[in-house]
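Asker: To start, I am sharing the structure in question, which I have written as structure tokens.
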Amino acid sequence: MERDLAIEVLDVEKSFGDVKALDGITFSIERGEIFGLLGPNGAGKTTTIRTILGIILPDSGEIRVNGERFSSKMRDIFGYLPEERGLYRKMRVGDLILFFGRSKGFFSRELHEKIDFWLKKMELFEYKNKKIEELSKGMQQKIQFVITVISNPDIIILDEPFSGLDPINRDLFKEIILDLNGEGKTIIYSTHNMEEAEKLSNSICLINRGKVLIFGKLGEVKEKYGTNSIVVESEDDISFLRDYDFFSEVDIYKNYAEFTLKEGVKPIEILKIFTEKGINLKKFQVLEPSLRRIFVSSVKEEERRAEGVLEN
Amino acid sequence: MFWKIREVLRREYIERVRKKSFWISTFVLPLLFLLFTFLPLFLGTVSGPKVYKIGIVDEDGYVKEKLTSEKKGDKGKLRFFLTDKSEISKLKKDVLNKKITGYIVIPHEFESKGISFYTLNTNNVKLIKSIAEKFREFAVSKRLKKMNLNLTSDEMKKIIEGVKVETFKVKKKGKAEKSNFGISFLVVFSFIFILYMILIMYGAISMRGVIEEKSSRIMEVLLSMYSPFELMMGKLLGIGFVGLTQIVVYMIFAGIIGFFAAVQAVLILPQIAEVFKNFNFSIFIYYIVFFLLGYFMYTSMFLGIGSLCSTEEDAQNIQAPVVFLIVIPFVSTIYLIQNPDSLVSVIFSFIPFFSPMVMFMRIATTSPPFWQVLLSIVITALFTIFSVKLSAKIFRIGVLMYGKRPSFKEIFRWMRE
């Protein structure tokens with residue numbers, strides 16, 4: 001079946017002075033997905049997003065939106081929540097949302113209904129005629145979110161949408177994102193919080209130093225990278241595992257260990273060690289590794305490779 | 001693209017016109033200006049006693065004699081009454097009790113020594129002037145009498161009457177018109193001063209707007225919706241309309257003053273009325289044309305500068321050159337106003353930056369040939385387009401830059417791109 005692609009990023013490069021922010025990035029996003037753009041700080045997530053939005057132009061490569069090359073008309077397809085939030089502090093809430101709605105070419109009477117709808121949903125309806133500066137930070141975050149979605153955009157791009165939110169707003173936003181996705185909207189968001197990405201995304205793209213390390217459906221990624229991961233918990237000291245050489249990735253504490261076995265090593269061999277030593281196990285689980293683990297290991301691997309290149 | 005510009009324009013206009021500071025500078029300031037300039041004039045004519053009672057202590061004797069002989073026909077506001085030296089303490093008391101306005105002590109040979117006027121309010125210039133006039137008459141007639149020329153009071157008046165100097169403004173078309181240099185200088189000056197103020201003020205306002213959007217990070221949301229060019233044009237036009245609104249309001253105020261002054265010309269402000277009679281409507285049109293040219297030229301530069309800065313402190317340093325480009329033409333215009341047709345004035349009226357103020361000044365004070373006016377407008381307009389384009393290039397890159405301000409070398413590279 002032909003994949004219905006909302007966005008294609010094809011071999012995009014972008015430099016700022018001597019710094020190569022994007023070094024040949026390629027990935028694609030299917031319509032109706034929740035797509036997680038992951039990477040450590042400074043990996044190039046925001047630059048990638050800005051390139052997709054046409055805020056900055058790539059030095060080379062191409063962005064396609066709905067199969068077409070980017071043009072300024074496409075701006076109105078997107079709803080964008082930038083990482084660094086900002087609103088006109090002196091404007092009234094209603095006027096502000098109205099302005100951003102109209103900025104997207106949304107002029108009909110429906111816009112006013114939409115504004116009321118969203119303000120009610122965010123429990124801010126009584127603040128409609130208040131100035132932004134009179135609102136608390138949490139309320140301003142909600143307004144910023146309303147601005148992002150007010151024009152009913154097909155593609156919603158959220159740069160670190162959960163950073164700086166209190167738990168209540170976090171849950172609210174998550175719920176709204178899922179609702180919007182249920183309505184068929186494509187959601188793209190960036191984060192460095194892997195646990196979150198794991199729960200929310202259909203597909204992920206992991207970037208580091210301007211390069212794509214991993215890209216694909218979440219399940220496929222886990223399957224590919226996720227063999228032979230083991231979690232052990234015990235009341236006894238199991239830190240002796242550090243002396244063994246079975247693991248490619250380890251995270252061992254006194255009573256807890258999480259590790260990936262080297263190729264060819266079977267989980268049963270590890271279990272044997274515990275029985276030989278008479279260790280009381282509380283938990284022994286073979287599992288898909290967490291995204292965090294995949295992330296850390298592939299970033300490390302990439303760094304090792306980069307150093308290797310330098311040494312040669 | 002045009003509706004995008006319109007949306008930015010609309011927001012800029014509405015938000016700024018709603019601000020208190022706009023209302024104050026547009027309506028309250030001119031009202032205060034009116035109040036402070038015209039109220040004293042107005043009060044001066046309306047109030048004050050009908051007649052001034054003034055005691056005369058004459059040690060010379062001539063004035064006494066003169067006053068008793070001509071008493072019947074005296075109609076002026078000055079009511080002299082004769083008294084003598086022994087009454088001075090009583091006169092003093094009367095002055096303090098406001099029974100009389102004051103008293104005059106006339107020494108022997110007052111025509112060379114002068115007289116002394118004792119009163120409560122020594123600032124009443126009008127009264128003092130009319131006393132001086134009256135005593136000039138007395139002095140002249142006394143001097144003539146010494147030369148054995150005995151004249152009646154009417155003959156006296158004819159002899160000492162001065163000659164009025166009327167000034168006429170020579171125009172290309174039609175007859176020479178009466179003008180009044182002192183006042184028209186003042187009016188042209190205030191027109192140019194307002195132009196200067198507005199250019200500086202709106203330049204600073206628009207620059208601050210961009211910096212605010214950058215520092216509040218709202219810029220990024222805007223850039224996901226607008227191209228930098230749309231954003232800059234929207235701002236330029238939106239804030240420009242605010243300025244235009246203000247100027248139109250000022251002109252309406254000026255019109256109202258002109259109207260009332262014309263109606264009450266004889267009563268209160270004959271000179272002002274005359275000035276407004278001389279200003280024809282085209283001056284206002286030219287004013288708006290040169291305001292717009294100057295506005296777009298300077299404000300686009302301020303927007304470009306604003307886009308380079310992340311904080312207001314950054315802007316303070318970098319904006320100085322542009323501020324100079326407004327201040328220097330303003331100061332030059334004030335000098336050139338005395339010589340609007342000198343070669344320097346003519347040349348300056350074709351140089352962008354100078355042209356808006358200098359050319360307008362020339363139009364308002366003399367009648368420059370129409371081709372000069374047109375040439376000045378065309379040159380300035382072309383330069384303004386150039387300035388807007390250049391600023392747009394800087395703006396496009398500047399708005400996304402944070403932190404370190406780019407070097408002039410970098411800015412220069414963007415301009416060439």
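The values are calculated or read from the model by the stated rules, or taken from the named source; none is laboratory data. The shown structure was predicted, so the numbers you read here are calculated from the model rather than taken from an experiment. So basically every Cβ, Gly included, is an ideal-geometry build from the backbone, and we count neighbours across all protein chains shown. For the accessible areas, the whole protein counts, side chains as well, though only heavy atoms, and no ligand, DNA or RNA atoms are used. Shrake-Rupley method; radii C 1.70, N 1.55, O 1.52, S 1.80 Å.
Asker: Looking only at residues that are aliphatic (A, V, I, L, M) and either at pLDDT 90 or above or not in a helix (DSSP H, G or I) (or both) in segment B:347-370, which one is most open to solvent (accessible area, probe 1.4 Å)?
Answerer: B:Ile347
Asker: Still on this model: Which strands (runs of 3 or more DSSP E) sit wholly inside segment A:1-113 and have at least 3 residues that are away from every other protein chain (no Cβ under 14 Å) and within 19 Å of the chain's Cα centre (by Cα)?
Answerer: By residue number, A:5-16, A:19-30, A:34-38.
Asker: Looking at (1) open to solvent by 70 Å² or more (accessible area, probe 1.4 Å); (2) free of Cβ contacts under 8 Å to residues at least 24 places away in the same chain; (3) assigned to a strand (DSSP E or B), which is the one condition that is false for A:Gly216?
Answerer: (1)
Asker: While we're on this one: Looking at segment A:56-76, which of its residues are touching a Lys or Arg at 6+ places or on another chain (Cβ under 9 Å) and not hydroxyl-bearing (Ser, Thr, Tyr)?
Answerer: Within segment A:56-76, A:Ile56, A:Leu57, A:Pro58, A:Asp59, A:Gly61, A:Glu62, A:Ile63, A:Asn66, A:Phe70, A:Arg75, A:Asp76 qualify.
Asker: Can you tell me how many residues in segment B:347-394 are farther than 19 Å from B:Val188 by Cβ and aliphatic (A, V, I, L, M)?
Answerer: 13
Asker: Considering only residues of segment A:121-132 that are more than 28 Å from the chain's Cα centre (by Cα) and open to solvent by 70 Å² or more (accessible area, probe 1.4 Å), which is farthest from B:Lys4 (Cα to Cα)?
Answerer: We begin by selecting, within segment A:121-132, every residue more than 28 Å from the chain's Cα centre (by Cα); these are A:125-132.
So of that shortlist, the ones also open to solvent by 70 Å² or more (accessible area, probe 1.4 Å) come out as A:125-126, A:129-130.
On the way: A:Phe125: 28, A:Glu126: 30, A:Asn129: 25, A:Lys130: 26 Å.
For segment A:121-132, the residue satisfying everything is A:Glu126.
Asker: In this structure, is A:Ile188 under 28 Å from the mean Cα position of the chain (by Cα), part of a helix (DSSP H, G or I) and either among the aliphatic types (A, V, I, L, M) or on the phi > 0 side of the Ramachandran plot (or both)?
Answerer: The answer is no for A:Ile188.
Asker: Residues being surrounded by fewer than 18 Cβ atoms within 10 Å (Cβ to Cβ) and over 21 Å from B:Val8 (Cβ atoms): count how many of those fall in segment A:88-120.
Answerer: Looking only at that region, the number is 6.
Asker: Under 6 Å by Cβ, and 6 or more places apart or on different chains, what pairs join a residue from segment A:97-126 that is closer than 14 Å to A:Val149 by Cα with one that is in a helix (DSSP H, G or I) and open to solvent by 40 Å² or more (accessible area, probe 1.4 Å)?
Answerer: Listed by first residue and then by second, the contacts come to A:Lys104/A:Asp76; A:Gly105/A:Asp76; A:Leu119/A:Phe125.
Asker: While we're looking at this one, here's another question. Considering only segment B:302-323, how many residues are within 30 Å of B:Ile252 (Cβ to Cβ) and either in contact with a strand residue (DSSP E or B) (Cβ under 6 Å, 6 or more places away or on another chain) or open to solvent by 20 Å² or more (accessible area, probe 1.4 Å) (or both)? Talk me through it step by step, then tell me what you get.
Answerer: First, pick out the residues of segment B:302-323 that are within 30 Å of B:Ile252 (Cβ to Cβ): B:302-303, B:323.
Narrowing the set further to residues that are either in contact with a strand residue (DSSP E or B) (Cβ under 6 Å, 6 or more places away or on another chain) or open to solvent by 20 Å² or more (accessible area, probe 1.4 Å) (or both) leaves B:323.
Count: 1.
Asker: Still on this structure, I have one more. Determine whether segment A:54-69 contains at least one residue that is among the basic types (Lys, Arg) and modelled with pLDDT under 90.
Answerer: Yes, that holds for at least one residue.
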